[in-house]
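Before any comments, here is the structure.
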Amino acid sequence: MSKPSRSRVITTTLAFALAALAVALPNAQASTAGGGTAAPPGTTTDPGSSSGSSSASTTSTSSSVPSAAHDAGPPQPTPVIIRVDCYRVGKTSCRKKKPRTVEIGGELVVHGHNLTTSLTVYFPRPTLSTATAASVPVGAQLRPTRHGWAVTIPAGVKSGRIYLETRSGKRSKRYGPVTILASPAAPTVATPLSPSAFDGTGMWIWYLDKSDDGNLTDIATAAKAAGITTLFIKSSDGTNFWSQFTPALVQSLHALGLNVCAWQYVYGADPAVEAALGAEAVADGADCLVIDAESSYEGNYYGAQTYIDDLRASIGASYPVGLSSFPYVNEHESEPYSVFLGPGGAQYDVPQVYWHAIGTSPAAAYAQTYIENRIYGVPIIPTGQTYGGVSATQITQFRQLAAAYGAMGFSWYSWQATSTAGWSALDAPLTPGTGITIPTAWPTLGLGSTGDQVIWMQEHLAAAEPTTPTTGSFDATTEANLLSFQAAHGLPQSGVTDGPTWTALLALIPVTVQWPAPPPSGASGNSGASGTSGASGTSGNSGSSGSSGGTGAGGGTPG
């Protein structure tokens, strides 16, 4: 390859610097006749984490048309649209020979001149009850992708002519018409199956050969004495399938009267391969599959959705799947619980309630886990710990808590780490616990709250209030829409999510969010492809990551 000239390098560098400057400039928009800037439905971004963890994210935001909006900064040339092309995203589709026909949630790739990240694409809004509202189009941000300058089609728009607008108010000529079709059918909600292998008591096996030396008869005898009906056996780590999980193993344990579920530790570097390995374990005869997604998946909403979509395409919508992750959702704000446990995802929430590792009591850990996870609307199948020197008394307390909370099942991590005293506590007859109070609280979210719980709330609120963003940031628009929702449902207008508000919201079907792939600068994210290779390095690490797996359910940090 010939070496680029010095002038070419300088020109390219200057172009990137100007683009970066345009992104950094504040987007100060004057308020509209309707009361200010309205964030649109379908707004998507990876959530930020207050704990300081960060990840690359691409945001697709919408706004009402600003009136006389003028930004400080260098003058921007008038944008020009030459043509647009439908681009398929997720479950959306494009029509042959109809490039200007696109479904809500899909993308339009915009070709033209003077295209930058500071541009907003405006779409016609359906006729509403007032002429004023009907005249205000809906905007969505133009952004760079690997396939060109693209915009995600937001909900609440109709077919017609579109235009681009700069922050300083310069508009392109209207282009079109563009035909907007309804979004694809909402994904089938996978409902819990009853009975399933998640019912009753389970035990996790990390290394089979370190669990009663892999003697299946001895394992079955000990399991039955402790009332264990399901074994959760590790089947893969990242992109590596483990040889210990085989059809013969599953068949042998079935013959001994035990259910066998596979569990895989996932990193998100190659979600399609991880989904394929999960499907492979299902094909080997597993009675259920558990996704062990922990810190490696934080911020990776696109990867989580890719994994879920690919997995369900292989195993079907009804196969029983569980998510094993951190129990305190509010302390892991960027973990994509709402994707893994959302429509089409896992039907069972299997949180790692490792009270001793967290540094609290079984009762306190169980109560907070229950409060933080109940909003996802799937059965909670908690995993308790038998490792780390926990006492027989605490093991008994956890059993009593699971019974008092009415859990359809629970499990223990892990077989190889359970002491003789621990096995005795598991074998002992259970007497009802005393002084156990089931909490009635719900996560309280309000202005300034952030994280996955906010995303989950916004996805439901957007079903009733379409201008609600789904950014994971509880902003002024979200607060105004929540107040409107509360008023419409006869609830106290607090602007925060109390129990009655959650109950009303969760009765709605959440809107579908198309999480964007990492941006081209994420092409260095594709350099994250070498990062993939690095991930297999991680997977290699999973040897030791696995080791602390002795302390976490499969290699993550407990808690």
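The values are calculated or read from the model by the stated rules, or taken from the named source; none is laboratory data. Because the structure is predicted, anything quoted here is derived from the model rather than measured. Positions of Cβ are backbone-derived with ideal geometry, glycine not excepted, and every protein chain shown enters the neighbour counts.
Looking for something under 23 Å from the mean Cα position of the chain (by Cα), modelled with pLDDT under 85 and at positive phi - is there at least one such residue anywhere in region 536-544?
Within region 536-544, not a single residue is under 23 Å from the mean Cα position of the chain (by Cα), modelled with pLDDT under 85 and at positive phi.
Answer yes or no: is there a residue in region 375-384 that is among the hydroxyl-bearing types (Ser, Thr, Tyr), within 26 Å of the chain's Cα centre (by Cα) and over 23 Å from residue 428 (Cα atoms).
Yes, the conditions are met somewhere in region 375-384.
Just to be sure I understand the filter: pairs with C-beta atoms under 6 Å, separated by 6 or more residues or on different chains, first member in region 90-102 and under 25 Å from residue 310 (Cβ atoms), second member in a loop (DSSP other than H, G, I, E, B). Which pairs pass?
Short answer, once both residue conditions are applied: 90/514; 91/184; 92/105; 92/106; 92/184; 94/88; 102/153.
Touching a helix residue (DSSP H, G or I) at 6+ places or on another chain (Cβ under 6 Å), assigned by TED's automatic domain parsing to the domain that holds residue 360, at pLDDT 95 or above and surrounded by fewer than 23 Cβ atoms within 10 Å (Cβ to Cβ): which single residue out of 417, 421 fits that description?
None of the other options fit; the residue is 421.
Might you check whether a residue that is under 16 Å from the mean Cα position of the chain (by Cα), in a loop (DSSP other than H, G, I, E, B) and touching a residue at least 40 places away in the same chain (Cβ under 8 Å) occurs anywhere in region 447-465?
The answer is yes; a qualifying residue exists.
Please specify each residue of region 313-328 satisfying the condition of being hydrophobic (A, V, I, L, M, F, W, C), closer than 18 Å to residue 266 by Cβ and in contact (Cβ under 8 Å) with a residue 40 or more places away in the chain.
321, 326
Taking only pairs six or more apart or across chains, which ones have beta-carbon atoms under 7 Å, a first residue in region 369-381 that is surrounded by fewer than 22 Cβ atoms within 10 Å (Cβ to Cβ), and a second residue that is modelled with pLDDT of 95 or more and among the β-branched types (Val, Ile, Thr)?
Partner pairs satisfying both residue conditions: 370/380.
Kindly indicate whether any position in region 349-361 is part of a loop (DSSP other than H, G, I, E, B) and within 16 Å of the chain's Cα centre (by Cα).
Yes; the residues of region 349-361 include at least one that is part of a loop (DSSP other than H, G, I, E, B) and within 16 Å of the chain's Cα centre (by Cα).
Could you identify the single residue in 328, 307 that is among the aromatic types (Phe, Trp, Tyr) and crowded, with 23+ Cβ neighbours inside 10 Å?
307
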